[in-house]
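Colleague: Questions regarding the structure given below will be posed in turn.
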Amino acid sequence: MPLAAVDLVTLPAPDQTPEGWSPRTPRAEIAPNFSVEKSDNNTHLVLQSPGDKGCNGHWAHTFEIEGSKHYHFQAFRLAENVATPNQSILVRIEWSDADGNRVSSPHPVNATYFGTGTDHARPDFPRDQGLTADGWTEVSDTYLAPPDATQAEVQLTLRWTPNGRVAWRDITMEACPAPKPRKVILATVHSDLRGGESALQNLDQLKPLIQEAGAKNADLLVLPECVDTKSNGLTVAEGADSLDECTAFLGDLAKEYNMYIVAGLHEREDNLIYNVAVLLNPDGELAGSYRKCTLPREEIAGGVQPGREYPVFDTRFGKLGMMVCYDVFHPEVARNLALNGAEIIAVPVWGANPTLAAARCIENHVYLVTSTYTDHDHDWMKSAIWDREGQRLAEGTKWNTLVLAEVDLNQPTYWRHLGDFQSRIQRERPLPPESGAHSGKPVLP
């Protein structure tokens, strides 16, 4: 069966077009302008929107490959006047046999949702990897070629952007070794945390579980929300005033056991108090914090301030984001963290809807690690490690216990008919609303 669902239009190639590359578009009336530029011994493949919001087209090239081998794709792009580069500028890779027919995917499909068997190989969308020193964005990923594939068509796309422009250079598709596993031991505690009279006494109650996690070589340990004020009579302001001694206590343990620790505390900035998740690194340092962005009415009434940022932290095992409790009820928080690159989200939480926690995993194909005070027998949040499909890999069923699970971050999750959904999110999520939307109805921020 041919790959294309529509007959793409191949346009005349401009002068100096490199061999094998051709300009294409779904329809000539929405084609961008194609050109080739030479600069510093480099050839740049350029697409320029003629001003039409509906612009959609791509440079196409077919690379010869061998089935069942790994290939590393890499390219660099430089955009101008593009409001949403993740959605308007992308690479799409189509796998096929010598006749351009679809081939079977090399990846198993999760039987939980889609039954057993294989699926057709779906297009892949390499991820943005960061900026070079001269301001170009690297777009790259490594793939296992389908066993029956003999070619990979690379499409360098510009779409949906008025007056936008993108230049591409140094486009390669080369055989490479299989990626090594990137295994991570994730851990969480399940505790009701009662009887302390200070923030440090609360943390001291959790110390045996922290030590157990360290003895079991956990890479990341997540503690619950508000461990500085839980059941000890302290106000949020008093808890915030103990932040330095709490992070010092946790930092010593993180360093002793060579692991990352996330805990829910309170933070003061001048006269403002935030509910935060802090990250201690294996050097014992405070690597950063996330300020809870969505506050329930009780915290608002108590004068807590919402955060506005979605930081993601580089760790030795990958990219880590954090949320706190009520954030689970709001899809924007996890989505923003995922768009910023988070592979795992640590969630200190007092209590929340576990179905929504699973939804955050499914929507973003990220792992969640939750630590809660909720009784496991209640139909509410669990202290658990969640996979990208919202399944609980491990969960705490008894008070004051440690829960661990090992995951491989280099093992993508594939869905039938969709492929690697995680790589598609940035490319296919909704565009932001335009000012003065044509419907005449209010536009939500």
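The values are calculated or read from the model by the stated rules, or taken from the named source; none is laboratory data. Source: prediction; values computed, not measured. Note that each Cβ is placed from the backbone with ideal geometry, even for glycine, and that neighbours are counted across all protein chains shown. SASA here: full protein model, heavy atoms, side chains in, ligands and nucleic acids out. Shrake-Rupley method; radii C 1.70, N 1.55, O 1.52, S 1.80 Å.
Colleague: On the protein heavy atoms, probe 1.4 angstrom, tell me the percent of accessible surface of the chain carried by carbon and sulfur. Present the calculation step by step, with values, prior to reporting the outcome.
Modeller: Numbers: 9650 of 20300 Å².
The C+S portion of the solvent-accessible surface of the chain is 48 percent.
Colleague: Placing +1 at every Lys and Arg Cβ and -1 at every Asp and Glu Cβ, with all other atoms neutral, what dipole size does the chain have around its Cα centre, in debye to the nearest 20?
Modeller: Values: 39 positive and 60 negative charges, 173 e Å.
Computed charge dipole of the chain: roughly 840 debye.
Colleague: Hey, what did region 78-232 get for relative contact order, percent, Cα under 8 Å, at least 6 apart?
Modeller: Result for region 78-232 is 24 percent.
Colleague: Select from 98, 215, 72 the residue farthest towards the positive end of the dipole of the chain; place +1 on Cβ of Lys and Arg, -1 on Cβ of Asp and Glu, and compute about the Cα centre.
Modeller: Result: 98, furthest along the dipole toward the positive end.
Colleague: Which semi-axes, in whole Å and largest first, does the equivalent ellipsoid of region 278-420 have when worked out from the alpha carbon gyration tensor as the square roots of 5 times its eigenvalues?
Modeller: Working: eigenvalues 98, 73, 56 Å².
Ellipsoid semi-axes (Å, largest first): 22, 19, 17.
Colleague: Please find the FRET efficiency linking residue 7 to residue 33, where r is the Cβ-Cβ separation and R0 is fixed at 22 Å, and quote it to the nearest 0.05.
Modeller: 0.55
Colleague: In deg cm²/dmol, rounded to 500, what helix-only [θ] at 222 nm does the chain give when every DSSP H run of at least 4 residues adds -39500 (n - 2.57) and the total is split over its residues?
Modeller: Value at 222 nm, helices only, nearest 500: -5000 deg cm²/dmol.
Colleague: Using a basic spin-label model with each label point 7 Å from the Cα along Cα→Cβ, how many nm lie between residue 297 and residue 255?
Modeller: For residue 297 paired with residue 255, the spin-label model returns 4.6 nm.
Colleague: Let me ask something else about it. Assuming 0.36 nm per residue, please report the length gained on full extension of the stretch residue 356 to residue 70 beyond their Cα-Cα distance.
Modeller: Fully extending the segment from residue 356 to residue 70 adds 99.4 nm.
Colleague: What whole number of Å gives the distance from the Cα centroid of region 59-95 to the Cα centroid of region 182-239?
Modeller: Value for the Cα centre distance between the two parts: 44 Å.
Colleague: Return the long-range amide H neighbours of residue 381 (sequence gap of 5 or more, or a different chain), with a cut-off of under 5 Å between placed amide H atoms.
Modeller: Hits under the 5 Å cutoff: 352.
Colleague: Oh, and also: After finding the eigenvalues of the alpha carbon gyration tensor for the chain, what semi-axes result from the square roots of 5 times each, listed largest first in whole Å? Walk me through the intermediate numbers first.
Modeller: Details: eigenvalues 409, 121, 77 Å².
Gyration-tensor ellipsoid for the chain: 45, 25, 20 Å.
Colleague: Out of 227, 242, 145, whose Cα points farthest toward the positive end of the dipole of the chain (charges: +1 Lys, Arg; -1 Asp, Glu; placed on Cβ)?
Modeller: With unit charges placed on the Cβ atoms, the residue in question is 145.
Colleague: Taking the Cα-to-Cβ direction at residue 271 and at residue 201 and moving 7 Å from each Cα, how far apart do the two end points lie in nm?
Modeller: Using points 7 Å along Cα→Cβ, the separation is 3.2 nm.
Colleague: Under the rule of at least 5 residues apart or a separate chain, name every residue whose amide H is placed under 5 Å from the amide H of residue 324.
Modeller: It is 293, by chain and number.
Colleague: Still on this structure, please answer the following. Rounding to the nearest 20 debye, state how big the charge dipole of region 279-353 is about its Cα centre with +1 on each Lys and Arg Cβ and -1 on each Asp and Glu Cβ.
Modeller: The calculation lands at about 140 debye.
Colleague: Something else about it: So if I place +1 on the C-beta of Lys and Arg and -1 on the C-beta of Asp and Glu, and nothing else carries charge, what would the dipole magnitude of region 150-277 be about its Cα centre? I want it in debye, nearest 20. Don't skip to the answer; put the middle values down first.
Modeller: Details: 12 positive and 19 negative charges, 182 e Å.
The calculated dipole for region 150-277 is roughly 880 debye.
Colleague: Given a 1.4 Å probe, how much area per residue of the chain is accessible, in Å²?
Modeller: Result: 46 Å² per residue.
Colleague: Listed highest first by mean packing, meaning other Cβ atoms within 10 Å per residue, what order do 321-331, 261-271 come in?
Modeller: Result, highest mean first: 321-331, 261-271.
Colleague: Another question, if that's okay. Using only alpha carbon pairs under 8 Å that are at least six residues apart, calculate the relative contact order of the chain and give it in whole percent.
Modeller: 14 percent
Colleague: For a quick check: with amide H placed at 1.01 Å from N, whose amide H comes under 5 Å from residue 319's, ignoring anything fewer than 5 positions away on the same chain?
Modeller: So residue 319 has HN proximity to 343, 344.
Colleague: Filter the cross-link list 38/180; 292/398; 53/292 down to pairs whose alpha-carbon distance in this structure exceeds 32 Å.
Modeller: Where the Cα-Cα span goes over 32 Å, the pairs concerned are 38/180; 53/292.
Colleague: Separate question: Which of the lysines could be linked to residue 255 by a straight reach, that is with a Cα gap under 23 Å, when you skip same-chain ones fewer than 8 residues away?
Modeller: Result set, ordered by chain and number: 183, 207, 216, 319.
Colleague: Quick one: Karplus J couplings for region 205-221, per residue in order, coefficients 6.51, -1.76, 1.60, θ = phi - 60°, nearest Hz, x for Gly and Pro?
Modeller: Values, residue by residue: 5, 7, 4, x, 6, 5, 5, 5, 4, x, 5, 9, 6, 4, 8, 9, 10 Hz.
Colleague: On to the next question. Sort all Cα-Cα distances of region 18-93 into consecutive 5 angstrom bins from zero, then give the percent of pairs in each bin up to the one containing the longest distance.
Modeller: Bin by bin from 0 Å, the calculated values are 3, 11, 22, 24, 19, 12, 6, 3, 0.
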